[in-house]
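Novice: First the structure, which I've put down as structure tokens, then a few questions once you've had a look.
Rule-based calculations on the coordinates, nothing more; no lab input. Every value quoted in this text rests on a predicted model; they were computed, and no experiment measured them. Neighbour counts are summed over all protein chains in view; Cβ atoms, including those assigned to glycine, are modelled from backbone coordinates with ideal geometry.
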Amino acid sequence: MSTPHPAHALAGMIETLARRGDYRPDEWLRFLTMDVLAGFGERLETPWDERRHAALFELSGLYGRLVAENPWRDILGAVYMELSAHGQRKWMGQYFTPQSVADFMAEINTGDLDPSAHPKDRFITILEPTSGAGILLLSVCNTVAIKHGTDALRRLSLTAIDLDPLCARMTACQLLANAALHGPLGEILVYRGNALGNPADLEVVTHRLAAPRRVAGQPEPIPEVLPALAPLRLAAVMSATESRQLSLFDDAALPPLQRTA
């Protein structure tokens, strides 16, 4: 008998909440992503009413436990797919990369990566311009952590883009939650928008830098980066997206993002 996917319990709780109230399963998933991001300091436009606040406390708690037990594994994308399979295709019509395929792609694209050989004053940049729920980036992080240790995750700068607001938030949630529990990422930047459209139309979902460690009593230096909406940064993201054929991984693909002394 096969073991249920970790997302099964979370999808079940969402469906139970939907049966009891006025909100569809896809709306509860959207609320969950907003609540998780609010927990990481992103602004919640309207405070939850008492009923949703109580329900989301339970949902967010379960999601946190699942992430803790399943490092760098896609949880929210699997929830989305399970809810879609249970009759939500009218509102949830996307299909995401399977875990096995994502792991295979991550292995191929990071095969020659050597963080120790990369310049200390620059991040190793990773761009995923159609991130879905973030499964490819999660797989890359897992591969890097296994091969090079969790400290190597601090060398990574992840940029993710998705046109769908829910997908962009799912990516942000999964990267932030895993980084908090399984190893800080050097930089996380998630946009909502069209990776091949007007860069001025991109919206920032989250932008975080890892807190510097203290080495020999002094803060460890980290690469200095441009703001998320700086014109040079947006131009670099667009250029990398177009010239690299939507490549998942490219060492130093976005050189204008780093400023050196």
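Novice: Could you state the number of Å between the C-alpha centres of segment 132-173 and segment 1-56?
Specialist: For segment 1-56 versus segment 132-173, the Cα centre distance is 22 Å.
Novice: For residue 20 and residue 150, what does the FRET efficiency come to when R0 = 41 Å and r is the distance between their Cβ atoms, rounded to the nearest 0.05?
Specialist: Efficiency computed from Cβ-Cβ geometry: 0.55.
Novice: Helix-only mean residue ellipticity at 222 nm, the chain, DSSP H runs n ≥ 4 weighted -39,500 (n - 2.57), per residue, nearest 500. What is it?
Specialist: -14000 deg cm²/dmol
Novice: Using amide H atoms built in the peptide plane, which far-off residues or other-chain residues are under 5 Å from residue 124 H to H?
Specialist: Correct list: 156, 157.
Novice: Turning to a different aspect of this structure: Determine which residues of segment 184-206 fall in the zone a paramagnetic label at residue 118 would reach in this model, i.e. backbone nitrogen under 13 Å from the point 7 Å along Cα→Cβ.
Specialist: Answer for this model: 185-188.
Novice: Given the Cα-Cα distance of residue 3 and residue 226 and 0.36 nm per residue of separation, how much length would full extension add, in nm?
Specialist: My answer for the length gained is 75.8 nm.
Novice: For segment 69-163, which trypsin sites (Lys or Arg not before Pro) pass both filters: DSSP loop (anything but H, G, I, E, B) and at most 13 other C-beta atoms within 10 Å?
Specialist: Here the trypsin sites (Lys or Arg not before Pro) that fit, given the DSSP loop and packing criteria, are 89, 90, 120.
Novice: Still on this structure, I have one more. At 7 Å along Cα-to-Cβ for each site, give me the label-to-label distance between residue 204 and residue 242 in nm.
Specialist: 2.4
Novice: Related question: Give me 53, 8 ranked fewest to most by other Cβ atoms within 10 Å of their Cβ, as a rough exposure proxy.
Specialist: Working: 53 11, 8 14.
Going from sparsest to densest Cβ surroundings: 53, 8.
Novice: Length gain on complete extension for the stretch residue 94 to residue 43, per 0.36 nm per residue less the alpha carbon to alpha carbon distance?
Specialist: Using 0.36 nm per residue and subtracting the Cα-Cα distance, I get 15.7 nm.
Novice: Please identify, among 100, 84, 139, the residue showing maximal mean-square fluctuation in a Gaussian network model of the chain using a 10 angstrom Cα cutoff.
Specialist: Of 100, 84, 139, the most mobile in the Gaussian network model is 100.
Novice: Simple spin-label model, 7 Å along Cα-to-Cβ: residue 68 to residue 196 in nm?
Specialist: 4.3
Novice: Here is a further query. For segment 1-63, which GluC sites (Glu not before Pro) are both in a DSSP coil and crowded by at most 15 other Cβ atoms within 10 Å?
Specialist: 45
Novice: Let me ask another. Dipole of the chain, Cα-centred, from +1 at each Lys and Arg C-beta and -1 at each Asp and Glu C-beta, to the nearest 20 debye?
Specialist: 300
Novice: With N set to the number of residues, divide the alpha-carbon radius of gyration of the chain by 2.2 N^0.38 Å and report two decimals.
Specialist: 1.00
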